[in-house]
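Report on the following structure.
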Amino acid sequence: MPRIYIETYGCQMNVADSELVLGVLEREGYVAVDDPAAADVVLVNTCAVRDHAEQKVLSRVGELKRYKQPGGVLGVVGCMAQRLGARLLERVPQVDLVVGPDGYRGLAELIARARGGERSAEVAFKSWEHYEDVPPVREGGTGAASAFVTVQRGCDYRCTFCIVPMTRGPERSRKLADVVREVERLAEAGTTEVTLLGQTVNSYDDGTHDFADLLRAVGAVPGMRRLRFTSPYPTDFGERVVAAMAETPAVCEHVHLPVQSGSSRVLKRMLRRYDRERYLDVVAALRHAMPGLALTTDIIVGFPGETEEDFRDTLSLVETVAFDDAFTFRYSPREGTPATRLKDVVPDHVAGERLERLVATVRGIARRKNVALVGSRHEVLVEGRAKRGDLLQARTRGNKVALFPGPDAWIGSYRMVRFTGTTGSTFAARPVGQELAVVG
């Protein structure tokens, strides 16, 4: 049987798409392998959000080409493939095929053509494509405790810095009944936690149901004890959605709420659909409905025209909200986005210095909050072995990561632990109440 190797870069949506690609190819007799040297087909699933991500992928493709066997295929799929299309074939002669996120259904045929010497790019958007008939081959296998479930593809928002509408196409939502059926199958196989995925996931609308309906329906699936979602858009947290979050026990007490900037002036230039005050109103509504809610965010520094005063507004918002963590980035110009036409570019050294100050502020707040949690007890889902040391890695409902000793048999189960220390980002913990520990 032909062997397929996939490397994935970027967001959770790309992880879910790689699982989908494996599902498409498994039906054609392909077997996944963990070593590119053992593969007949090597695919790189790519991210295009920042230039650095694309450069990293190009470098990796250059490394992977040495594993290409006679008659073998090297392909690039995902957002970078969608953005560059046939230009990528010209840029990297060793690449045989380039396939965007809506073209995975035809992968087997494209691979067969590539084996016959035909190089091709498939980057057409398909507004109807949700791959409903393709069971993903999920990381961790059937019955894994946690799974990603894509509920929405594409994006209709046009933030001036963002490439996603050009790489993912227009927004479209799966039917609620289809999502619920998928979650029911997962629960029957032993999955107890799902993360709903979408580019602006809380704008979900299948024509009949909204995101509040979806949360309640998925949260009611028997055996589903934890429900997460990412990434939402701040102003799509209407009263119905906030109420559904508070009233659905499975919904976890964590929201990743991208802000991008704390300056209303910069937010307007970004074409975000809120200003500083509106964002803070959303934070207040969420925290009122779900006391103890953990909040994380995305922040860009150095957006064209950002002044020192604008940046100080960002720092003050970070301090006001007291985020549990933040993904922080320097602005990265993306070809074709409106922001590239703005002339008042922030010098690299200024953006770099601001990023350092922002990271220090975020880490300081996160550390203070985490130190205050030392000694507290939490239910955690054991996800697997930690990357370093002979420890298990587990996660709370509030998205805090805990490391503690334990056997492999605990992986996939829920345990009660007490936090005994923190590095500032993760926690050391110890299991407590062993006779009550296994709660799922």
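Residues in region 186-218 that are within 23 Å of Gly143 (Cβ to Cβ) and under 20 Å from the mean Cα position of the chain (by Cα): Leu186, Thr191, Thr192, Glu193, Val194, Thr195, Leu196, Leu197, Val218. Annotation note: of Lys369, Lys343, the sole residue that is closer than 30 Å to Arg312 by Cα, among the basic types (Lys, Arg) and touching a Pro at 6+ places or on another chain (Cβ under 8 Å) is Lys343. Of all residues in region 12-29, those that are more than 22 Å from Leu89 (Cβ to Cβ) and in contact (Cβ under 8 Å) with a residue 40 or more places away in the chain total 11.
Checked against the criterion of being farther than 18 Å from Tyr204 by Cα, among the basic types (Lys, Arg) and surrounded by fewer than 20 Cβ atoms within 10 Å (Cβ to Cβ), the candidates Arg278, Arg240 yield just one match: Arg278.
What about Ala38, is it within 19 Å of Ala112 (Cα to Cα), in contact (Cβ under 8 Å) with a residue 12 or more places away in the chain, surrounded by fewer than 22 Cβ atoms within 10 Å (Cβ to Cβ) and among the small types (Gly, Ala, Ser)? So Ala38 fits the description; yes. Only one residue in Val61, Val24 is out of contact with any Asp or Glu (no Cβ under 7 Å at 6 or more places or on another chain), at pLDDT 95 or above and surrounded by fewer than 23 Cβ atoms within 10 Å (Cβ to Cβ), so which one is that? So the residue among Val61, Val24 that is out of contact with any Asp or Glu (no Cβ under 7 Å at 6 or more places or on another chain), at pLDDT 95 or above and surrounded by fewer than 23 Cβ atoms within 10 Å (Cβ to Cβ) is Val24. Go through the residues of region 225-236 one by one and say whether even a single one is free of Cβ contacts under 8 Å to residues at least 24 places away in the same chain, surrounded by fewer than 20 Cβ atoms within 10 Å (Cβ to Cβ) and either outside the structural domain of Asp275 (by TED's automatic domain parsing) or closer than 15 Å to Val255 by Cα (or both). Checked against the condition, which is being free of Cβ contacts under 8 Å to residues at least 24 places away in the same chain, surrounded by fewer than 20 Cβ atoms within 10 Å (Cβ to Cβ) and either outside the structural domain of Asp275 (by TED's automatic domain parsing) or closer than 15 Å to Val255 by Cα (or both), region 225-236 yields no hits at all. The residue that is farthest from Arg395 (Cα to Cα), counting only those in region 251-300 that are free of Cβ contacts under 8 Å to residues at least 24 places away in the same chain and either of a type outside the set (A, V, I, L, M) or in the same structural domain as Arg397 (by TED's automatic domain parsing) (or both), is Lys268.
Per the listing Val31, Val42, the residue uniquely of a type in the set (A, V, I, L, M) and within 30 Å of Leu196 (Cβ to Cβ) is Val31. Of everything in region 317-344 that is polar (S, T, N, Q) and touching a helix residue (DSSP H, G or I) at 6+ places or on another chain (Cβ under 9 Å), the residue that is surrounded by the most Cβ atoms within 10 Å (Cβ to Cβ) is Thr328. Taking every residue in region 68-86 that is in contact (Cβ under 8 Å) with a residue 40 or more places away in the chain and of a type in the set (S, T, N, Q) and pairing it with any residue that is surrounded by fewer than 18 Cβ atoms within 10 Å (Cβ to Cβ) and assigned to a strand (DSSP E or B), at least 6 positions away or on another chain, yields no pair with a Cβ-Cβ distance below 8 Å.
In summary, Met416 fulfils each of the numbered conditions (1) free of Cβ contacts under 8 Å to residues at least 40 places away in the same chain; (2) within 20 Å of Thr296 (Cβ to Cβ); (3) in contact with an Asp or Glu (Cβ under 7 Å, 6 or more places away or on another chain) with the single exception of condition (2). Screening Gly389 against (1) buried (at least 17 other Cβ atoms within 10 Å of the Cβ); (2) without any contact (Cβ under 8 Å) to a residue 40 or more places away in the chain leaves a single unmet condition, (1). Identification of strands (runs of 3 or more DSSP E) wholly contained in region 169-258 with 1 or more residues that are among the β-branched types (Val, Ile, Thr) and farther than 20 Å from Glu379 by Cβ yields 226-230. Scanning region 165-185 for residues that are touching a residue at least 40 places away in the same chain (Cβ under 8 Å) and under 19 Å from the mean Cα position of the chain (by Cα) gives Met166, Thr167, Arg168, Gly169, Pro170, Arg172, Arg174, Val183.
Residue-wise test of (1) crowded, with 16+ Cβ neighbours inside 10 Å; (2) not hydroxyl-bearing (Ser, Thr, Tyr).
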| residue | (1), (2) |
| --- | --- |
| Tyr67 | no, no |
| Gly72 | yes, yes |
| Trp128 | no, yes |
| Pro135 | yes, yes |
| Gly140 | no, yes |
| Ser146 | yes, no |
| Cys162 | yes, yes |
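What residue, among those in region 186-224 that are among the charged types (D, E, K, R) and without any contact (Cβ under 8 Å) to a residue 40 or more places away in the chain, is surrounded by the fewest Cβ atoms within 10 Å (Cβ to Cβ)? Here the residue is Glu188.
The values are calculated or read from the model by the stated rules, or taken from the named source; none is laboratory data. It should be emphasised that the depicted structure is a prediction, and the values quoted were computed from it without experimental measurement. Neighbour counts run over all protein chains shown; Cβ positions are idealised from the backbone, glycine included.
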